[in-house]
Amino acid sequence: MFCRKNEELQAFVYEAKKVTKDGNVADYIPALGRANVEDLSIAISYPDGHCVFAGDIIEKMTLQSISKIISLAMVLIENGPDAVFEKVGMEPTGDPFNSIARLESMVPSKPLNPMINAGALVVTHLISGESVAARLEKLLKFIRKMANNSAISFNEEVAKSEYDTADLNRSLCYFLKQHHLIDENIDDLIDLYTKQCAIELNCLDLARIGLVFAMNGVDPITGEERMPPSIAKICKTFMVTCGMYNASGEFAIKIGIPAKSGVSGGIMAAVPGKFGIGIYGPSLDKKGNSIAGIALLEHLSKKYQLSMF
Ligand code: GLU
């Protein structure tokens with residue numbers, strides 16, 4: 001893929017970087033706490049195969065919650081929407097991503113959507129395979145194809161750091177198991193989930209994945225279909241309604257682009273029919289979104305009228 005540095009984009013990055021000081025890097029997963037708070041980079045991938053970037057786009061990040069939309073796509077392909085949505089809902093929630101509160105108050109108990117941790121754990125549970133390694137490999141293969149990068153793997157240190165501190169996610173799993181939404185060994189599920197979250201790539205990869213969603217499941221550069229259009233549509237809808245944590249409503253109003261963020265500071269965005277965007281900016285706002293990444297997207301959306309609404 002031909003990718004070149006873009007001066008205008010670089011100027012936007014320079015401007016957006018100013019807000020990095022108002023946020024913090026995530027440190028509840030200890031290995032993420034070492035990220036450089038001032039980093040900010042962006043890549044944009046177009047259907048004709050060209051790509052523009054600004055900042056250090058070779059720098060790697062872990063997917064964290066961005067992995068949730070990709071595992072959802074894969075599980076939807078494998079199981080079909082009916083089987084998946086029997087176990088996880090379609091409704092947004094105003095709660096933080098790792099909240100346990102609604103699991104208890106919902107009757108019958110069922111995670112509200114696949115983007116909060118409870119729902120994502122159910123989705124990861126649905127990845128079939130004989131072992132954690134085989135299930136992870138299946139997801140990695142899917143992601144490598146989406147990003148068109150066969151070198152993508154996971155960061156063992158970040159995975160272990162989360163595995164060792166995942167008590168809240170473990171409690172969600174025990175609750176889900178009690179309510180028959182999952183029926184596997186919880187250490188295995190946490191092992192798979194933390195490795196899934198620790199899958200490591202860069203902005204270019206994220207932009208290419210965003211492009212596939214933007215083009216309704218087809219990689220326009222290779223011409224290959226990565227997922228049926230109906231599944232890309234479901235994923236993009238979740239990105240709009242719950243992709244940016246409990247700031248998704250404000251993001252839809254101000255920016256209006258389907259996007260998914262992660263606590264590593266990554267954002268994958270899909271401008272329907274136009275292009276894919278990958279951003280890395282580890283300084284997070286209070287809701288857990290990349291603070292400078294959002295500033296950058298807001299600027300781009302306004303300047304180029306990218307809102308789909
Ligand atoms: N691995 C993270 C967790 O489950 C993902 C969180 C996120 O990026 O929102 O806590």
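The values are calculated or read from the model by the stated rules, or taken from the named source; none is laboratory data. This is a predicted model, so every value here is computed, not measured. Neighbour counts run over all protein chains shown; Cβ positions are idealised from the backbone, glycine included. Surface accessibility is based on the protein's heavy atoms, side chains included, excluding ligands, DNA and RNA. Shrake-Rupley method; radii C 1.70, N 1.55, O 1.52, S 1.80 Å.
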Do you know which residues across segment 192-207 are away from the ligand (no atom under 14 Å from the Cβ) and either open to solvent by 10 Å² or more (accessible area, probe 1.4 Å) or within 21 Å of THR237 (Cβ to Cβ) (or both)? ASN202, LEU204, ASP205, ALA207
Here are LEU76, LEU72: which of them is within 16 Å of the ligand (Cβ to nearest atom) and under 28 Å from SER128 (Cα atoms)? LEU72
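Give segment 151-166 a look and list any residue that's part of a loop (DSSP other than H, G, I, E, B) and not acidic (Asp, Glu), or say none.
Kept after step one, since they are part of a loop (DSSP other than H, G, I, E, B), are these residues of segment 151-166: 151-152, 155, 164-166.
ALA151, ILE152, ASN155, THR165, ALA166, listed by residue number.
Give PHE53, PHE12, PHE85 a once-over and let me know the one that is out of contact with any Lys or Arg (no Cβ under 7 Å at 6 or more places or on another chain), within 22 Å of ALA207 (Cα to Cα) and open to solvent by 20 Å² or more (accessible area, probe 1.4 Å).
On the way: PHE53 fails: out of contact with any Lys or Arg (no Cβ under 7 Å at 6 or more places or on another chain); PHE85 fails: within 22 Å of ALA207 (Cα to Cα).
Residue meeting the stated conditions: PHE12.
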Picking from LEU126, LEU140, the residue that is open to solvent by less than 10 Å² (accessible area, probe 1.4 Å), more than 16 Å from the ligand (Cβ to nearest atom) and hydrophobic (A, V, I, L, M, F, W, C) would be LEU140
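What number of residues within segment 288-298 are open to solvent by 20 Å² or more (accessible area, probe 1.4 Å) and in contact (Cβ under 8 Å) with a residue 60 or more places away in the chain? Step through it out loud before you land on a result.
First, the residues of segment 288-298 that are open to solvent by 20 Å² or more (accessible area, probe 1.4 Å): 291, 294-295, 298.
Right, trim to in contact (Cβ under 8 Å) with a residue 60 or more places away in the chain and you get 291, 295.
Of the residues in segment 288-298, 2 are open to solvent by 20 Å² or more (accessible area, probe 1.4 Å) and in contact (Cβ under 8 Å) with a residue 60 or more places away in the chain.
Go through ILE58, ILE44, ILE69 for me and flag whichever is touching a Lys or Arg at 6+ places or on another chain (Cβ under 6 Å), among the β-branched types (Val, Ile, Thr) and touching a residue at least 24 places away in the same chain (Cβ under 8 Å).
On the way: ILE58 fails: touching a Lys or Arg at 6+ places or on another chain (Cβ under 6 Å); ILE44 fails: touching a Lys or Arg at 6+ places or on another chain (Cβ under 6 Å).
Answer to the check: ILE69.
Which count do you get for residues in segment 4-24 that are under 20 Å from GLY288 (Cα atoms), in contact with a strand residue (DSSP E or B) (Cβ under 7 Å, 6 or more places away or on another chain) and either in a strand (DSSP E or B) or aliphatic (A, V, I, L, M) (or both)? Break it down into steps so the answer makes sense when it comes.
Residues of segment 4-24 under 20 Å from GLY288 (Cα atoms): 13, 16-24.
Then drop every residue that is not in contact with a strand residue (DSSP E or B) (Cβ under 7 Å, 6 or more places away or on another chain), which leaves 13, 23-24.
When the remaining residues are screened for being either in a strand (DSSP E or B) or aliphatic (A, V, I, L, M) (or both), the result is 13, 24.
Number of matching residues: 2.
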What residue, of ASP56, ASP48, is modelled with pLDDT of 95 or more, away from the ligand (no atom under 16 Å from the Cβ) and assigned to a loop (DSSP other than H, G, I, E, B)? ASP48
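Could you tell me which residue of segment 242-278 is nearest to LEU9 (Cα to Cα), considering only residues that are open to solvent by 30 Å² or more (accessible area, probe 1.4 Å), away from the ligand (no atom under 16 Å from the Cβ) and in a helix (DSSP H, G or I)?
First, the residues of segment 242-278 that are open to solvent by 30 Å² or more (accessible area, probe 1.4 Å): 246, 249-250, 253-254, 272-274.
Okay, now just the ones that are also away from the ligand (no atom under 16 Å from the Cβ), so 249-250, 253-254, 272-274.
Going one step further and asking which of them are in a helix (DSSP H, G or I), we end up with 249-250, 253-254.
Numbers: GLY249: 26, GLU250: 24, ILE253: 23, LYS254: 20 Å.
Out of the qualifying residues, it is LYS254.
Taking segment 227-239 as the search range and keeping residues that are under 14 Å from ILE66 (Cα atoms) and in contact (Cβ under 8 Å) with a residue 60 or more places away in the chain, which one is farthest from the ligand (Cβ to nearest atom)? If you could, list the steps in order and put the result at the bottom.
We begin by selecting, within segment 227-239, every residue under 14 Å from ILE66 (Cα atoms); these are 235-236, 238-239.
If we keep only those that are in contact (Cβ under 8 Å) with a residue 60 or more places away in the chain too, we end up with 235, 238-239.
Details: CYS235: 16, PHE238: 14, MET239: 14 Å.
Result: CYS235.
Of all residues in segment 90-111 being closer than 13 Å to LEU176 by Cβ and not charged (D, E, K, R), which is surrounded by the most Cβ atoms within 10 Å (Cβ to Cβ)? If you could, list the steps in order and put the result at the bottom.
Of segment 90-111, the ones closer than 13 Å to LEU176 by Cβ are 100, 102-104, 106, 108-111.
Remaining after also requiring not charged (D, E, K, R): 100, 103, 106, 108-109, 111.
On the way: ILE100: 15, LEU103: 21, MET106: 15, PRO108: 7, SER109: 16, PRO111: 27.
By that ranking, first place goes to PRO111.
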